[in-house]
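Participant: This is the structure I want to talk about, given as structure tokens.
The values are calculated or read from the model by the stated rules, or taken from the named source; none is laboratory data. Note that the structure is a prediction, hence the values are computed from the model and not measured. Ideal geometry is used to build each Cβ from the backbone, glycine not excepted, and the neighbour counts take in all protein chains shown. Accessible surface areas use protein heavy atoms only, side chains included; no ligands, DNA or RNA. Shrake-Rupley method; radii C 1.70, N 1.55, O 1.52, S 1.80 Å.
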Amino acid sequence: MRLSRYFLPVLKENPAEAQIVSHRLMLRAGMIKQAASGIYSWLPLGYRVLRNIERIVHEEQQRAGHIPMLMPTLQSADLWRESGRYDDYGEEMLRVTDRHGRDMLYGPTNEELITDIFRSHVGSYRDLPLTLYHIQWKFRDEVRPRFGVMRGREFYMKDGYNFDLTEADAKHAYNRHLVSYLRTYERMGLQAIPMKAEGGPIGGDYTHEFLVLAETGESGVFYDSEITDLRFGHREIDYDDAPACQAVLEEFTSRYARTDDTHDEAVFNERVPEARRRQARGIEVGQIFYFGTKYSEPMGATVADKDGNRVPVHMGSHGIGVSRLTGAIIEASHDDKGIIWPEGVTPFHCGIVNLKQGDTKADAACEALYASVAALGLEALYDDTEERAGAKFATQDLIGLPWRITVGPRGLKNGVVELTSRRTGESEEMPPAAAIERIAQVYGKAASI
Ligand code: P5A
């Protein structure tokens with residue numbers, strides 16, 4: 001993308017309404033614009049990051065064997081009356097009436113809708129296990145929407161639902177989700193720690209929240225510092241192997257880690273040596289639940305078991321805050337100049353800065369680099385504007401592309417450009433082909449020059 005043809009409305013000033021760094025940087029980098037309280041438009045740069053996060057979520061869900069689909073945002077109130085949640089959900093539910101006087105709602109979650117789909121089409125234990133998921137906008141009329149996309153009213157969520165014959169099978173589905181979530185967050189450059197949590201309006205008391213430690217997080221957390229040494233890493237796992245998934249759950253949840261909802265000071269003090277006790281704040285980027293037959297029983301979602309008896313299925317649901325993750329990643333990865341995108345989600349793979357737009361040699365070198373990046377199957381944001389160098393660098397730092405190639409007439413005389421890492425700030429001079437080779441290496445592509 002050429003910056004001169006892009007839509008990147010960066011702000012010079014700090015917006016007064018933003019209280020936390022991710023909100024401030026998302027506004028300043030031209031990623032989002034508030035449309036109404038807690039409701040945002042995703043401008044082109046923000047939309048790219050949102051799509052990248054979504055892509056990683058899809059890939060990891062499907063790797064775990066979960067099946068993508070799409071349900072609507074508006075739902076009929078009748079289904080929620082069947083489960084009993086129409087009244088229970090309270091003020092957070094946005095209720096709408098259509099022209100025929102029918103009660104509708106903007107879905108805050110989809111347990112009822114998916115259970116209705118399931119009961120209409122599945123009748124035998126032979127069709128199980130089954131996990132369906134979608135990524136769709138949700139609406140919760142939060143009392144205090146704040147911190148930009150972190151606590152929105154309209155937000156983008158991946159929600160998955162497992163259907164199993166037995167509790168043991170459903171617990172395996174739970175464990176499988178835990179493993180796939182660990183992989184998902186790590187691919188986004190995040191460490192998200194599973195912590196014992198509460199079921200709230202979704203239900204069940206078998207649930208973990210995934211928290212990214214950050215001072216600006218809304219949840220208080222208590223944990224054993226050893227837990228921060230754990231990484232899932234690149235290990236291969238067979239998602240059908242129940243003991244293997246169970247072992248990962250145990251590895252990641254055996255140490256004390258709880259949110260303030262479930263924290264127990266006595267247990268904390270007893271189980272964790274004082275030197276390892278930590279109290280901090282965290283951002284909840286996901287939550288997994290096992291709630292058994294909470295929805296299947298009242299809604300009649302049953303299957304015939306091996307003996308032909310109809311039994312309600314065991315279910316769980318599993319959510320990832322896709323739009324919230326954009327903010328969470330920034331909270332975890334920025335400096336005083338701006339955002340520092342992890343390579344997995346960056347909106348462009350690298351920036352190209354032309355220090356002297358209009359200089360024939362500099363222009364030609366930039367064009368060649370731009371084409372080489374594209375030939376790798378990667379995308380560069382080429383700053384081909386007439387701005388002065390300082391302003392170009394400030395924009396690059398603000399929007400946080402992990403790599404920048406700087407091209408100027410002086411370097412070109414010696415046959416070199418400059419490659420700069422946004423994370424370390426280190427710059428190195430090298431021939432253009434070497435810069436391309438490095439970019440290819442970073443993103444796991446083979447350079448053909
Ligand atoms: C699990 C999927 C559920 O709704 N039902 C379907 C279950 N869980 S949850 O914990 O309530 O939400 C899942 C994740 O969505 C994000 N989230 C939000 N993001 C932005 N703004 C909000 N107001 C908001 N509310 C929830 C969180 O990341 C949460 O973990």
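Participant: Taking region 209-236, which residues are within 16 Å of the ligand (Cβ to nearest atom), charged (D, E, K, R) and in a loop (DSSP other than H, G, I, E, B)?
Facilitator: Residue satisfying the conditions is Glu218 alone.
Participant: Which residue pairs have Cβ atoms under 7 Å apart, sit 6 or more places apart or on different chains, and have a first residue in region 1-20 that is within 18 Å of Asn354 (Cα to Cα) and a second that is among the hydrophobic types (A, V, I, L, M, F, W, C)?
Facilitator: Met1/Phe348; Met1/Leu381; Leu3/Leu381; Leu8/Leu45
Participant: Residue under question is Ile202, and the condition is that it be modelled with pLDDT under 95, open to solvent by less than 40 Å² (accessible area, probe 1.4 Å) and within 15 Å of the ligand (Cβ to nearest atom); does it hold?
Facilitator: The answer is yes for Ile202.
Participant: Just to be sure I understand, how many residues within region 1-55 are aliphatic (A, V, I, L, M), touching a strand residue (DSSP E or B) at 6+ places or on another chain (Cβ under 9 Å) and open to solvent by 50 Å² or more (accessible area, probe 1.4 Å)?
Facilitator: 2
Participant: While we're here: Does region 141-152 hold any residues that are open to solvent by 50 Å² or more (accessible area, probe 1.4 Å) and within 7 Å of the ligand (Cβ to nearest atom), and which are they?
Facilitator: Selection gives Arg151 alone.
Participant: Please go through region 237-261 and give me each residue that is surrounded by fewer than 17 Cβ atoms within 10 Å (Cβ to Cβ) and within 16 Å of the ligand (Cβ to nearest atom), ordered by number.
Facilitator: Asp260, Asp261, listed by residue number.
Participant: Having 1 or more residues that are open to solvent by less than 10 Å² (accessible area, probe 1.4 Å), touching a strand residue (DSSP E or B) at 6+ places or on another chain (Cβ under 9 Å) and of a type outside the set (Ser, Thr, Tyr) is the bar; report the strands (runs of 3 or more DSSP E) wholly within region 342-449 that clear it. Please lay out each step first, then the result.
Facilitator: Working: elements: 350-354, 380-383, 403-407, 417-421, 427-430.
Answer list for region 342-449: 350-354, 380-383, 403-407, 417-421.
Participant: Here is a follow-up. Among the residues of region 412-432, which ones are under 35 Å from the mean Cα position of the chain (by Cα) and in contact (Cβ under 8 Å) with a residue 24 or more places away in the chain?
Facilitator: Val417, Arg422, Arg423, Pro432
Participant: Related question: State which residue is nearest to the chain's Cα centre (by Cα) when the search covers only region 329-344 and only residues that are among the hydrophobic types (A, V, I, L, M, F, W, C) and within 16 Å of the ligand (Cβ to nearest atom).
Facilitator: Only one residue fits best here, namely Ile329.
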